[in-house]
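The block underneath contains the structure these notes are about, expressed in structure tokens.
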Amino acid sequence: MKVLANDGLSKSGINALEKAGFEVITTKVAQEQVANFINENNVSVLLVRSATKVRKDLIDGCPGLKVIGRGGVGMDNIDVDYARATGKHVINTPASSSESVAELVFAHLFTGVRFLQDANRNMPLEGDTNFEGLKKAYANGTELRGKTLGIIGFGRIGQAVAKMALGLGMKVIAADKFLGKAEIKVDFYNGQFIIVEIPTEPQEDLFRHSHFITLHVPAQDGYVIGAAELSQMRDGVGIINCARGGVIDEVALIDALDQGKVSFAGLDVFESEPTPEIQILMHPKISLTPHIGAATNEAQDRIGTELAEQVISILKTENS
Ligand SMILES: O=C(O)[C@H](O)COP(=O)(O)O
């Protein structure tokens, strides 16, 4: 059986599938050619990340396709319900990348509180004499320790963020409409662990109490943070979005950054992907990354292995 891994697949995933007798194709096929390629090559399994879109037309156009696999968490690039209704298996790997995304949240947080995104662009060239002036411009950094981090969406990634924040000595609060009490297990390298209860608050209260806010919610209709929500936040709040473009109103965010209401933002995802608006790209108070939350060797290894295991189990069961 053939597998098309159109947005790439880790060596661990390729090896596991090949060992089980699958042929894995990792050539990138252009979006408009994917259906033809699948039909002409008798592909049974299509594996994607977020780049390849698996919409109704592609699903309808590939009757022989048995499994659609998303290497990662967000399934917003796949018409999941429709695909399942047509009898296809649709799978993802929700647990594999939490730590990597959480670490990127802190990369953006540390960047924001010490102005790294701006300092990186402004380091002096040979002959520049204003080194002291530059130091002064970045003199008012902030420590994370002792500050309150508000986490909106307390699933796997939100919880991974909470654990890291506790390690830094931050106070953590969470808002999640699907959650009552929030308890997390914090593991240490020596096998010991502690259970910590995280206070949950309605979103409006979290906005008022948080020095920094990080979003861990799926793509949805409408903004989670728009002008009205920004106005409820503490002055000087820092905001991180490593979740999905479109959950923050970028026009309102730019306005709040320019007014000083928000002191910095860290964005890994954008309303317009893959080419964010120029006002976002050029803003000195925004730390930017190109949707790389899950882009670590460790996460991609786990994703590849987990996808392979699921594909093998589904197709083995079907063929037995
Ligand atoms: O939903 C996810 O898993 C992340 O957004 C990662 O997306 P990517 O696989 O396209 O990097």
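The values are calculated or read from the model by the stated rules, or taken from the named source; none is laboratory data. Quick caveat, the model's predicted, so the values are computed rather than measured. Here the Cβ is made from the backbone with ideal geometry for all residues, glycine too, and neighbour counts use every protein chain on show. Side chains included, ligands, DNA and RNA excluded: accessible areas come from the protein's heavy atoms. Shrake-Rupley method; radii C 1.70, N 1.55, O 1.52, S 1.80 Å.
In table form, for the structure just shown:
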quantity	calculated
Pick from the range 245-255, criterion surrounded by 21 or more Cβ atoms within 10 Å (Cβ to Cβ) and touching a strand residue (DSSP E or B) at 6+ places or on another chain (Cβ under 8 Å), ranking: nearest to M282 (Cα to Cα)	L253
Residue satisfying all of: in the range 76-114; in contact (Cβ under 8 Å) with a residue 60 or more places away in the chain and part of a loop (DSSP other than H, G, I, E, B); nearest to T52 (Cα to Cα) among these	D76
Residue in the range 58-72 that is assigned to a loop (DSSP other than H, G, I, E, B), more than 16 Å from the ligand (Cβ to nearest atom) and loosely packed, with under 14 Cβ neighbours inside 10 Å present	yes
Count of the range 201-226 residues which are among the acidic types (D, E) and part of a strand (DSSP E or B)	0
Exclusive hit being under 30 Å from K19 (Cα atoms) and more than 16 Å from the ligand (Cβ to nearest atom), set E277, E309	E309
Output for the range 227-244, where each listed residue is farther than 21 Å from L281 by Cβ and not in a strand (DSSP E or B)	A227, A228, E229, S231, Q232, M233, R234, D235, G236
Test: residue in the range 199-206 that is farther than 26 Å from L257 by Cβ and open to solvent by 40 Å² or more (accessible area, probe 1.4 Å)	yes
Matching residues, the range 18-48, being part of a helix (DSSP H, G or I) and closer than 22 Å to R84 by Cβ	Q31, V34, A35, I38, N39
Qualifying residue in the range 16-32 (condition: among the polar types (S, T, N, Q) and more than 26 Å from the chain's Cα centre (by Cα))	no
Entirely in the range 139-200, the strands (runs of 3 or more DSSP E) that have 2 or more residues that are more than 26 Å from P218 (Cα to Cα) and assigned by the TED database to the domain that holds I240	193-198
G293 vs. criteria assigned to a strand (DSSP E or B), open to solvent by less than 20 Å² (accessible area, probe 1.4 Å) and either of a type in the set (A, V, I, L, M) or on the phi < 0 side of the Ramachandran plot (or both)	no
